[in-house]
Amino acid sequence: MAISILVKDGSDNHELHYYDIGDYLSQKEKLNIIEKFGDISSISWNNITPDDNNDWLNQRDPKYKIYSEISGDINSPFKNNSLGVVTNRDAWVYGYSKEKVAQNTERLVQNYNNELKRLKNTPVKKRMELLNRKPDYINWTRKLERFAVNDIELEYHHSHLKLSLYRPFTKKWLYHDKALNEEARLYYNKFGQNNLVINTTGRGATKNFSVLVSDIVPDMNSMSGGSQGFMRYDNEENYSLLKVSKDNMNQEFADKLGLSFDDTFSYVYGLLNSREYQNKYANDLKKDLARIPIVKNIEKYVEIGKELMDIHLNYEEVPPYEGIDIIISKNPSYKVKKMKFAKKRDENGKSVNDLSTIIFNNDITISNIPEKAYEYVVNGRSAIEWIIDQYQVKTDKKSGITDDPNDYSDDEKYIFNLLLRIINVSVQTVDLINSLPKFEMED
């Protein structure tokens, strides 16, 4: 919400004045602040002048552009980058259960092909009007409509089911298919079976910059502003046949660092996790892709980058955090419907979330969670809160499809242990990021 006040005084002398009442406030809180001002004369205005980028607010650092772009140039660390997968029909082609995703997708393909048969003798111009648009029958998008108009039949391929990074530390099965994914860009052919990708927030992100490495294909919304992925390898099949290098990294940038490609990848990950780097260039990182400076103590950034990658890639193997208290009933169920925080009273007597205590289900309560664990924020919220948000039973209103996280693993304690592991991952991540060297440029 913004309020603009324009003053016409007939002169050619124009000034811009601005006052920021704060971020992440409710409408009621904003209105209360405005009411207390009484009139505009009591506001301590800031004078602003647009910069060379025509930014009025959140102006960028002019020195930032001297650094190498993260991708797309011979001097960049990476040759190519890609937005994450866009399905435009998540409920149908994403899910915790591989079997249910297969069933939903196969049903969608069958319904679509039945539509082709039903409208086979219908003039092309009339087909769009006569398509069955019931949301529990088919989720139509422009691509699928185009296929239908052109009488293109679809096939179901079980081999197209693969794990995807749906949200931070949240894996779901994805039907990864050119017809039923609206966009998947470089991830169809270039990702391959074995790869790594550094995911960052995209251009125009509404949340602060974040970065998270993955070894599976990411969804576009795994990061704010459209997840931008920077792959370690280019696994295009034709490249291997031509015996062309499968690296998606530039030798020129690695040579500047004096590092191998693997260490360069780790350096970039360590650097992008630096709080000093993120804070210094916060405005730039919200408006454009990251740029990669060469800093002092390169080896330490490589070392910390490797350690961060290890716990972020292997988070399901990290030992559960031990410094907590668990209240558990006899013969407990480990299934979740919707985890939630316990409640407490603040200094004003208002009921607020008690972040130290999570009610896992009716049988299990986890308490004494350290505050430090919530300092690890990725894509706008703590990693712990991502687990609480994503691992709940949800039914899509339009399609009627239910996605149940309890279906993901045969291990009944998977989600319970995942939560405890992510607490540990968060604490370790905070410690590792805090151990990064001071952010200083090489001379």
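The values are calculated or read from the model by the stated rules, or taken from the named source; none is laboratory data. Fair warning: this is a prediction, and the values are worked out from it, not measured in the lab. Reconstructed Cβ throughout: ideal geometry from the backbone, glycine too, with neighbour counts over all protein chains shown. Note: areas computed on protein heavy atoms with side chains; ligands, DNA, RNA excluded. Shrake-Rupley method; radii C 1.70, N 1.55, O 1.52, S 1.80 Å.
Checked against (1) in contact with a strand residue (DSSP E or B) (Cβ under 9 Å, 6 or more places away or on another chain); (2) at pLDDT below 95; (3) crowded, with 17+ Cβ neighbours inside 10 Å, Asn75 meets all criteria but (3). Going by the conditions given, is Val302 over 18 Å from the mean Cα position of the chain (by Cα), among the β-branched types (Val, Ile, Thr) and in a helix (DSSP H, G or I)? Spelling it out, Val302 is indeed over 18 Å from the mean Cα position of the chain (by Cα), among the β-branched types (Val, Ile, Thr) and in a helix (DSSP H, G or I). Looking only at residues of the stretch 123-154 that are aliphatic (A, V, I, L, M) and part of a loop (DSSP other than H, G, I, E, B), we find that the one that is surrounded by the fewest Cβ atoms within 10 Å (Cβ to Cβ) is Ile152. Quick one: Ser367 ticks every box in (1) touching a residue at least 40 places away in the same chain (Cβ under 8 Å); (2) open to solvent by 50 Å² or more (accessible area, probe 1.4 Å); (3) touching a Ser or Thr at 6+ places or on another chain (Cβ under 9 Å) except a single one, so which number is it? The failed condition is (2). Looking across the stretch 113-153, the residues that are closer than 17 Å to Ala179 by Cβ and among the aliphatic types (A, V, I, L, M) come down to Leu116, Leu131, Ile138, Leu144, Ala148, Val149, Ile152. In the stretch 337-362, the residues that are within 16 Å of Lys413 (Cα to Cα) form Cβ pairs under 6 Å with partners that are open to solvent by 40 Å² or more (accessible area, probe 1.4 Å), at six or more places apart or across chains, as follows: Lys337/Val393; Ile359/Lys340. Scanning the stretch 422-436 for any residue that is in contact (Cβ under 8 Å) with a residue 60 or more places away in the chain, touching an Asp or Glu at 6+ places or on another chain (Cβ under 9 Å) and under 21 Å from Asp219 (Cα atoms) turns up nothing. Scanning the stretch 94-122 for residues that are open to solvent by 20 Å² or more (accessible area, probe 1.4 Å) and outside any helix (DSSP H, G or I) yields Lys120, Asn121, Thr122.
All of Gly258, Gly225 fail the test of being closer than 23 Å to Ile74 by Cα and open to solvent by 30 Å² or more (accessible area, probe 1.4 Å), apart from Gly258.
Just one of the listed residues (Lys286, Lys296) is in contact with a Phe, Trp or Tyr (Cβ under 8 Å, 6 or more places away or on another chain) and either more than 25 Å from Arg167 (Cα to Cα) or open to solvent by less than 80 Å² (accessible area, probe 1.4 Å) (or both), namely Lys286. Of all the residues in the stretch 370-407, those that are touching a Gly at 6+ places or on another chain (Cβ under 9 Å) and surrounded by 19 or more Cβ atoms within 10 Å (Cβ to Cβ) number 2.
Residue-wise test of (1) surrounded by fewer than 21 Cβ atoms within 10 Å (Cβ to Cβ); (2) in contact (Cβ under 8 Å) with a residue 60 or more places away in the chain; (3) farther than 30 Å from Asn417 by Cβ; (4) out of contact with any Asp or Glu (no Cβ under 8 Å at 6 or more places or on another chain).
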position	(1), (2), (3), (4)
Asn248	no, yes, yes, no
Phe265	no, yes, no, yes
Gly270	no, yes, no, no
Val302	no, no, yes, no
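Within the stretch 83-101, being among the aliphatic types (A, V, I, L, M) and within 17 Å of the chain's Cα centre (by Cα) holds for Leu83, Val85, Val86.
When the residues of the stretch 155-205 are narrowed to those that are of a type in the set (Phe, Trp, Tyr), touching a residue at least 60 places away in the same chain (Cβ under 8 Å) and not in a helix (DSSP H, G or I), which ends up most open to solvent (accessible area, probe 1.4 Å)? Per the stated criteria, the residue is Trp173.
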